[in-house]
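Let me begin by presenting the structure, written as structure tokens, before commenting on it.
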Amino acid sequence: MQKIAYDLSKSFDQDIIRVGAGITPSVGDSSTALLATTIEKAFGILASNSVPKSECVFFVNPKTYWNRIMAISKYYDASQFGRPSLPTGVQDMLYGVPVVITELITTCTYAG
């Protein structure tokens, strides 16, 4: 039963990713580094299109999450803003948007 649930969940995730790949406008791509400014530009696009953050989710590859997002000090260093942007730890929320870590998302190939 658990395998069936996993397979259905994976299929559902793949469908969401396939639909999301065609959304425009967009910022960044899988061939460039994920920077804080890229994430902030994405929020600017959402705000300018009146998309509520409550209807959003970040789908992130594990390597991108751990090597890129968690390397940006303002997301984990409470001394910069009085509290961390990831308030209850990893894999939680980023600017109030849930973070889902999945290997179904391609990772950045940028080596810098």
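The values are calculated or read from the model by the stated rules, or taken from the named source; none is laboratory data. Note that the structure is a prediction, hence the values are computed from the model and not measured. Every residue, glycine as well, gets a Cβ built from its backbone with ideal geometry; the counts of neighbours run over all protein chains shown.
Considering the range 8-46, the residues that are farther than 18 Å from Tyr65 by Cα, out of contact with any helix residue (DSSP H, G or I) (no Cβ under 9 Å at 6 or more places or on another chain) and hydroxyl-bearing (Ser, Thr, Tyr) include one that is modelled with the lowest pLDDT, namely Thr24. May I ask you to list pairs of residues, at least six apart or on different chains, whose Cβ atoms are under 6 Å apart, with the first in the range 29-54 being more than 16 Å from Gly96 (Cα to Cα) and the second being at pLDDT 80 or above and part of a helix (DSSP H, G or I)? Once the first residue is more than 16 Å from Gly96 (Cα to Cα) and sits in the range 29-54, its partners that are at pLDDT 80 or above and part of a helix (DSSP H, G or I) give Leu34/Thr64.
Just name the residue that is modelled with the highest pLDDT out of those in the range 64-112 that are assigned to a loop (DSSP other than H, G, I, E, B) and hydrophobic (A, V, I, L, M, F, W, C).
So in the range 64-112, the residues assigned to a loop (DSSP other than H, G, I, E, B) come out as 68, 72, 76-77, 81-92, 95-96, 102-112.
Checking the rest, the ones that are also hydrophobic (A, V, I, L, M, F, W, C) come to 72, 81, 86, 90, 104-105, 108, 111.
On the way: Ile72: 80, Phe81: 61, Leu86: 56, Val90: 44, Leu104: 76, Ile105: 71, Cys108: 47, Ala111: 37.
My answer is Ile72.
Of the residues making up the range 47-63, those that are farther than 14 Å from Leu94 by Cα, modelled with pLDDT of 85 or more and not in a loop (DSSP other than H, G, I, E, B) are Ala47, Ser48. Can you confirm whether Gln2 is surrounded by 12 or more Cβ atoms within 10 Å (Cβ to Cβ) and either at pLDDT below 70 or of a type outside the set (A, V, I, L, M, F, W, C) (or both)? Taking the combined requirement at face value, the residue does not satisfy it.
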